[in-house]
Amino acid sequence: MTELLYLDDTDAREFEATVERVLDDRVVLDRTAFYPTGGGQPNDTGTLTLAGDEPGDEARTWTVTDVSKKDTVYHTLSEEPPEVGATVTGRLYWERRYSHMKYHTAQHLLSALLLSEYDAETTGNQLYADRAYLDCAYERFDEADLADIEARMNDLVDDAMAVRWYVMDREEAEATLDPERTRLHLLPDSITEIRLVEIGPEDDPYDRTACAGTHVENTDELGTVEVTGRETKGGEKERVKFRLV
């Protein structure tokens with residue numbers, strides 16, 4: 001099973017790994033910092049580089065065009081992959097990853113805000129490198145609501161709250177944490193160790209939820225939040241769109 005470096009160290013931009021499997025244009029590595037598409041967060045992209053066998057040999061580099069996770073993590077490459085057993089250096093396209101980290105953190109803040117102030121539970125979200133949206137269970141937001149949400153989000157950013165993540169046994173988490181906030185019920189029963197992401201003071205976090213995505217370490221990294229619009233998505237479901245500038 002591939003060691004998922006991004007779960008512990010979201011700032012890792014470069015790593016060494018061994019090719020364990022080759023499947024057409026995809027490889028499985030023994031460890032990776034590339035985030036696979038999931039949870040509304042797009043996959044990372046970047047490169048894998050294989051050093052030459054002899055001094056003076058040219059290194060060979062592949063572009064990582066897609067990353068997906070099923071039974072393990074698969075890296076799709078731009079050309080015929082290196083052989084099993086090869087040692088490669090992975091490098092992330094950091095601007096793309098860092099943008100996703102900021103938007104994912106902002107989505108957590110927005111989910112917590114909408115739940116606490118509008119009783120609107122998040123039902124879905126999608127992040128991009130330059131924008132994001134969140135779907136929630138709510139009848140309809142008006143312009144005054146959107147202005148208030150934007151102002152409150154920027155207040156939370158300005159509070160410069162710490163962001164941290166850790167793993168907890170699922171039984172302990174279900175017994176001690178607020179299920180509405182953590183949304184543990186959305187996870188498959190097969191998951192017994194829960195990765196929790198918290199924002200705010202350790203003794204009373206503003207948000208605490210189960211999440212396997214990547215995040216920044218402080219809300220002050222987010223910049224300014226602009227709520228760019230809303231859509232009704234059928235029934236009592238609203239989509240709130242936003243961007244960071």
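The values are calculated or read from the model by the stated rules, or taken from the named source; none is laboratory data. Only a predicted model underlies this, so the values are computations on that prediction, with no experimental measurement involved. No Cβ is skipped: glycine too gets one built from the backbone with ideal geometry, and neighbour counts run over all protein chains shown. Surface accessibility is based on the protein's heavy atoms, side chains included, excluding ligands, DNA and RNA. Shrake-Rupley method; radii C 1.70, N 1.55, O 1.52, S 1.80 Å.
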Full extension from ALA51 to GLU3: what is 0.36 nm times the residue separation minus their Cα-Cα distance, to one decimal in nm?
-> 15.1 nm
If one builds a Gaussian network model of the chain from Cα atoms under 10 Å apart, the most fluctuating residue listed among ALA59, ALA51, ALA173 is ALA59
Once both labels are modelled 7 Å past Cα along the beta-carbon direction, what's the ARG60-ASP169 spacing in nm?
-> 4.8 nm
Residue by residue through the range 22-39, which ³J(HN,Hα) values in whole Hz follow from phi under the Karplus form 6.51 cos²θ - 1.76 cosθ + 1.60 (θ = phi - 60°), with glycine and proline marked x?
-> 10, 9, 6, 9, 10, 10, 10, 9, 6, 7, 7, 9, 6, 7, x, 3, x, x
Area of TRP165 that stays accessible when all protein chains are in place (1.4 Å probe, Å², to 10) = 50 Å²
How far, in nm, would the chain grow between THR192 and TRP94 when pulled straight, counting 0.36 nm per residue and subtracting the alpha carbon separation?
-> 32.2 nm
Degrees, to the nearest 10: 143-158 long Cα axis against longest axis of the chain | 60 degrees
For the range 40-170, the charge dipole (Cβ of Lys, Arg +1; Cβ of Asp, Glu -1; about the Cα centre) points to a positive end, and the Cα of THR63, GLN107, ALA160 closest to that extreme belongs to THR63
Which value, in Å² rounded to 10, gives the accessible area of SER190 with a 1.4 Å probe and all protein chains present?
-> 100 Å²
How much length is gained on full extension from THR37 to ALA137, taking 0.36 nm per residue of separation minus their Cα-Cα distance?
-> 33.6 nm
How would ARG131, ARG170, ARG91 line up by accessible area, probe 1.4 Å, largest first?
-> ARG131, ARG91, ARG170
Quick one: dipole size for the chain, taken about the Cα centre, charges +1 on Lys/Arg Cβ and -1 on Asp/Glu Cβ, in debye to the nearest 20.
-> 680 debye
What size of dipole, in debye to the nearest 20, comes out for the range 1-54 about its Cα centre when the only charges are +1 on Lys and Arg C-beta atoms and -1 on Asp and Glu C-beta atoms?
-> 260 debye
The range 79-119 versus the range 155-225: alpha-carbon centroid distance in Å | 15 Å
GNM result for the chain, Cα springs below 10 Å: residue of LEU48, LEU177, LEU196 fluctuating most strongly | LEU177
What does the charge dipole of the range 16-115 about its Cα centre add up to, to the nearest 20 debye, if the Cβ of each Lys and Arg holds +1 and the Cβ of each Asp and Glu holds -1?
-> 800 debye
